[in-house]
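This report refers to the structure that appears directly beneath it.
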Amino acid sequence: MRYGEDGAGLPEHIGGYAVERELGAGGMGTVYLARSRGGRAVAVKVARPELASDPHFRERFRAEVAAARSVGGFHTAPVVDADPAAEAPWLATAYVPGPTLAGLLDAEGPMDEARLRQLGAALAEALEAIHRCGLVHRDLKPGNIIMASDGPRVLDFGIARALESPRLTATGMAFGTPGFLAPEQAQGQEVGPAADVFALGAVLVAAAGGSAFGAGTPMGMMYRSVHEPPDLTAVPDGLRPVVSSCLAKSPDQRPTLAHLLDLIVPAIARYSPTVAIPPPPSHAPHIPAPVYQAPAGYGYGGGYGGGAPPADDLVFLAVAPDSALMIDDMGVTLDFRFRSLQFGWDEIRTVQYAPEGPKHLRVVVHLHDGTAHPCLLAARRRSRLKAWLQDLPMILACFT
């Protein structure tokens, strides 16, 4: 049974788990609330069929499972089962009740300095656990953080990569989120643990009620993250120097997580939960919909805990010296040195692409009005061009 396909009814079972309801769906797949035979609540993430048919995606999915298994602990939602070899690969994690940070902020508003420090320290500990396993999260954002009763849980390792895997880190697929992407990530360069520190700084700005790189188009936010200073006006004065250091343009200028913990919480302090949510009962009742409603585009749990992967979690990004291409659920963006063109999927008739020489990719967007808009991208290496050509069919299959 192809669990990732749209259909009138829910699948009855996925593996050995009885499905109760759909928690959400996004670019990577669908997340269901299900029960084990013993009544344990789990969140089951199932890949979309068009992704599952791609061998490179399966390679990434296996890495996702290994990443989530290796971190464990109270920093994430623990993996309880998985089947990367299934017709539609799936991953089951413990269900973590609670709103996302995005949902909490939408419901309660910005955090004060004390709560921001608690949040920052908890996220720094979570990222330390991830980095100790040789991983980089690459997509830390408010929608990927569950505010559980015992503290924040960092979720969605769908884009985590083993640092030692060149194929997985060289891909042209960008699963990060503009506004939280480090400059090196936005430019398609090598990404290390310092990129997660940058994202943590952007998360703290959001939790304070601001936006480090403003709003607008994804390309615009990425440009500002690379070339312009962050907007820290919403951050309390006492925390502003710390957040500013996290958002340094150069990875070498950002603090390590150990140093960041010292800056955020200078002395050993008694921990109190960032948000008080009653613990779940020892038995396994039916879990109703969460009280906090997240804004559109976030959902619950980011994929591993309480639920839905964001609708914008699948993005193709190809960055060249004089141009850039981005494809997501909204459409296609062609970015040039002095102008940017954006086309929604309702405007687009076809997207054609072909290599041009050993290191160039030509993409042409044909619109229903008969116009055609070309873009020539120069790859730094032949391997990068090869990765673009491997991943473009998969991303276009998701949105066309």
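The values are calculated or read from the model by the stated rules, or taken from the named source; none is laboratory data. As the structure is a prediction and not an experimental result, all values here were calculated from the model. Positions of Cβ are backbone-derived with ideal geometry, glycine not excepted, and every protein chain shown enters the neighbour counts. Note: areas computed on protein heavy atoms with side chains; ligands, DNA, RNA excluded. Shrake-Rupley method; radii C 1.70, N 1.55, O 1.52, S 1.80 Å.
Return the total of residues in region 351-400 being among the acidic types (Asp, Glu) and open to solvent by less than 30 Å² (accessible area, probe 1.4 Å). Of the residues in that region, 1 qualify.
Restricting to region 33-90, name every residue that is among the β-branched types (Val, Ile, Thr) and either over 28 Å from ASP391 (Cα atoms) or out of contact with any Phe, Trp or Tyr (no Cβ under 7 Å at 6 or more places or on another chain) (or both).
Applying the first criterion (among the β-branched types (Val, Ile, Thr)) to region 33-90 yields 42, 44, 46, 65, 71, 76, 79-80.
Hits for region 33-90 are VAL42, VAL65, VAL71, THR76, VAL79, VAL80.
Taken over region 206-238, residues that are crowded, with 20+ Cβ neighbours inside 10 Å and within 20 Å of LEU119 (Cβ to Cβ) amount to 8.
Where strands (runs of 3 or more DSSP E) fall wholly inside region 9-74, the ranges with 2 or more residues that are of a type in the set (A, V, I, L, M, F, W, C) and closer than 23 Å to ALA126 by Cα are 41-47.
Among the conditions (1) touching a helix residue (DSSP H, G or I) at 6+ places or on another chain (Cβ under 6 Å); (2) part of a helix (DSSP H, G or I); (3) at pLDDT 95 or above, PRO241 misses just one, which is (1).
Going through LEU33, LEU123 one at a time, which residue ends up being open to solvent by less than 40 Å² (accessible area, probe 1.4 Å) and touching a helix residue (DSSP H, G or I) at 6+ places or on another chain (Cβ under 8 Å)?
Values: LEU33 fails: touching a helix residue (DSSP H, G or I) at 6+ places or on another chain (Cβ under 8 Å).
Unique residue meeting the criteria: LEU123.
The residues in region 85-116 that are more than 22 Å from the chain's Cα centre (by Cα) and either within 30 Å of ARG58 (Cβ to Cβ) or part of a strand (DSSP E or B) (or both) can be counted, and the count is 3.
Suppose we keep only residues that are touching a helix residue (DSSP H, G or I) at 6+ places or on another chain (Cβ under 9 Å) and over 13 Å from ILE395 (Cα atoms) within region 321-333. Which one would you say is surrounded by the fewest Cβ atoms within 10 Å (Cβ to Cβ)? Step by step, filter region 321-333, then rank; the result is THR333. Within the set VAL265, VAL243, the sole residue that is more than 14 Å from LEU181 (Cβ to Cβ), of a type in the set (A, V, I, L, M, F, W, C) and either in contact with a Phe, Trp or Tyr (Cβ under 7 Å, 6 or more places away or on another chain) or open to solvent by 20 Å² or more (accessible area, probe 1.4 Å) (or both) turns out to be VAL265. Within region 63-78, not a single residue is in contact (Cβ under 8 Å) with a residue 40 or more places away in the chain, touching a strand residue (DSSP E or B) at 6+ places or on another chain (Cβ under 6 Å) and of a type in the set (D, E, K, R).
Checking each residue of region 339-350 against the condition of being in a strand (DSSP E or B), at pLDDT 85 or above and touching a Lys or Arg at 6+ places or on another chain (Cβ under 6 Å) gives no match.
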